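Asker: Quick one: this structure, given as C-alpha cells, is what I'll be asking you about.
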Amino acid sequence: MAETTATQKFRKATIVPIRHVFWQLNLTQPIQVAPDLSFEDAKGWLKPELFDVWRDMVSKRERDDLARIRFALVHSFESTGHMGREEAASDDLTFRAFLCLQLIKPTKSNYQRIQVKFLNEKDLDVVSFGHEGVWPNVPDAESINNVDLDDIIRLRILWPSFQDVVLNGPENIRRAIRHFNVGYSELRDPIVQIVTWTMGIESLFANEDKQLSREELTTRIDQAVGLDTDIYESSPMREYIGTQPFKVKDLFDDLQLLRNRFVHGQWIPPEWKTRVGRTGLSSEAVFYADVLREAASFILRRGIINYLQKQSQNDTRK
C-alpha cells in the first residue's frame with residue numbers, strides 16, 4: 001500500500017490597509033487584537049514589484065499608494081491551496097474587523113484586502129488582490145478622523161463581542177450594524193444616508209416586532225447614548241466649532257422630522273435651507289440639515305458601541 005504524504009500547508013495572511021492613522025503613532029511591536037489578528041506597522045511590506053503580475057489590474061498609482069501604507073490589520077492563517085475556504089474565511093474575518101474599527105472611529109477609508117503567501121521569513125508573494133472602493137461618504141465632522149492607539153485597544157476589547165453579535169446576535173442588532181455599514185460604504189446620497197441610519201437607530205432599539213413610540217425610543221436613546229451627550233464631544237472638528245454644545249436631545253426630534261419628510265416625499269423645511277448649523281473647516285458654514293446627518297451617524301454608532309460594551313462586560317463576568 002502506498003504511503004500517503006501530508007499535504008503541504010503555506011503560511012499566509014490577509015492584509016487590510018488602514019490609511020487614516022494618527023501621524024505620530026509609532027508601533028514598536030504588533031498589537032494583538034485576537035490570537036491570529038493584529039494591528040501592525042506594515043511600512044515597506046507591499047512593494048510595487050510585488051504587483052508586477054497584476055499590472056493589468058493595478059495601476060501604477062495604486063501600486064505606489066500601497067507601497068506607502070504605514071499600518072494594517074493582519075490576519076495570519078495557513079492554507080493548503082491557492083484560493084479556497086481558508087482564504088474566504090480570512091477575508092470575511094478581516095472585513096468584520098475593519099467594520100468594527102469603523103464603528104469605533106469612522107474614517108474616509110474603505111475596505112481593501114491583499115492576501116499574501118510567505119515564501120520565507122522576509123519575502124512574500126501576492127496571491128489575491130482587491131481594489132479599494134470609492135471613499136465612503138462620511139459626514140463632514142468625520143472627514144478628518146484618524147485612528148489612534150486608543151481606537152486599536154478598544155477594537156481589541158470589543159472584538160469578541162462584535163464577532164459574536166455579527167455571527168449569532170439578535171436580528172435587530174445585526175440589522176442596525178448592516179444599516180450602519182450600508183450608509184457609509186454604499187450610499188453616496190446624504191438624504192438616503194439619513195433615512196438608512198435612522199432605520200438603523202430604530203432597529204437597534206426595537207422591541208420585538210412592535211413599533212416604539214417616540215417617548216419609548218427617546219428613553220432608550222437616553223439610556224444607551226445619553227440625551228445630554230454632545231455629538232462632537234470626541235471629534236477633532238470640535239477645534240473648529242468652538243464651545244457651542246450640540247446635544248442629542250436638541251437634535252433628535254428634528255432628525256426624526258427630517259427623516260419623516262424624506263420618507264413621505266417632502267424635502268428639507270424651507271426655513272432650514274439656509275440655517276447654519278455650525279462652523280466647519282476653514283470657517284465655512286455647515287448647514288443645519290448636515291448637522292442632523294452627523295447626529296444620525298453619531299447616535300447609531302454610539303448605540304451599537306454601548307451594546308457591544310455591555311456584552312463585553314457580561315462576558316468578563318462569566
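Asker: Once Rh for the chain is found with the Kirkwood sum over Cα pairs, what is the Stokes-Einstein diffusion coefficient at 20 °C and 1.002 mPa s, in µm²/s? Walk me through the numbers before you get to the answer.
Answerer: On the way: Rh = 21.5 Å.
Estimated diffusion coefficient is 100 µm²/s.
Asker: Another question about this same structure. With springs only between Cα atoms under 10 Å apart, run a GNM on the chain and tell me which of E294, E121, E132 wobbles the most.
Answerer: E121
Asker: Can I ask one more? Given charges of +1 on the Cβ of Lys and Arg and -1 on the Cβ of Asp and Glu, with all other atoms neutral, how large is the dipole of the chain about its Cα centre, in debye to the nearest 20?
Answerer: On the way: 42 positive and 46 negative charges, 12 e Å.
Dipole size: approximately 60 debye.
Asker: Same structure again: Kyte-Doolittle mean at least -1.0 and Cα extent at least 27 Å along the axis: which DSSP H helices of the chain qualify? Can you show the working numbers first?
Answerer: Numbers: long enough: 85-104 (29 Å, 0.26); 149-168 (29 Å, 0.51); 288-317 (43 Å, -0.60).
Qualifying helices: 85-104, 149-168, 288-317.
Asker: Quick one: net charge of H179's neighbours, Cβ under 12 Å, K/R +1, D/E -1? Let's see the in-between values first.
Answerer: Numbers: positive: R174, R175, R178, R301; negative: E186, E202.
Counting the neighbours of H179, the net charge comes to +2.
Asker: May I pose another question? Quick check on segment 11-129: take the gyration tensor over C-alpha atoms, sort the square-rooted eigenvalues as a ≥ b ≥ c, and tell me if it's rounded (a/c under 1.5), prolate or oblate.
Answerer: In terms of gyration-tensor shape, rounded.
Asker: Taking a ≥ b ≥ c as the square roots of the Cα gyration tensor eigenvalues, with a/c under 1.5 meaning rounded and otherwise prolate when a/b beats b/c, else oblate, which class fits segment 147-209?
Answerer: It is oblate, given that a/c is not under 1.5 and a/b is not larger than b/c.
Asker: Follow-up. Is segment 170-311 rounded, prolate or oblate when judged by the Cα gyration tensor, a ≥ b ≥ c being the square roots of its eigenvalues, rounded requiring a/c under 1.5 and prolate requiring a/b larger than b/c? Before the final figure, lay out each step's value.
Answerer: Working: a/c = 1.66, a/b = 1.34, b/c = 1.24.
In terms of gyration-tensor shape, prolate.
Asker: How much length is gained if the chain between I153 and F118 is pulled fully straight, taking 0.36 nm per residue apart and subtracting their Cα-Cα distance, in nm to one decimal? Don't skip to the end; give the middle numbers.
Answerer: Details: separation 35, 0.36 × 35 = 12.60 nm, distance 2.74 nm.
This chain segment gains 9.9 nm when fully extended.
Asker: While we're here: What is the fewest-to-most order of R174, R278 by other Cβ atoms lying within 10 Å of their Cβ?
Answerer: Details: R174 15, R278 20.
In increasing order of surrounding Cβ atoms, one gets R174, R278.
Every read-out reported here was derived from the displayed coordinates using simple, explicitly stated rules and does not represent laboratory data. It should be emphasised that the depicted structure is a prediction, and the values quoted were computed from it without experimental measurement. Note: ideal-geometry Cβ built from the backbone for every residue, glycine included; neighbour counts use all protein chains shown.
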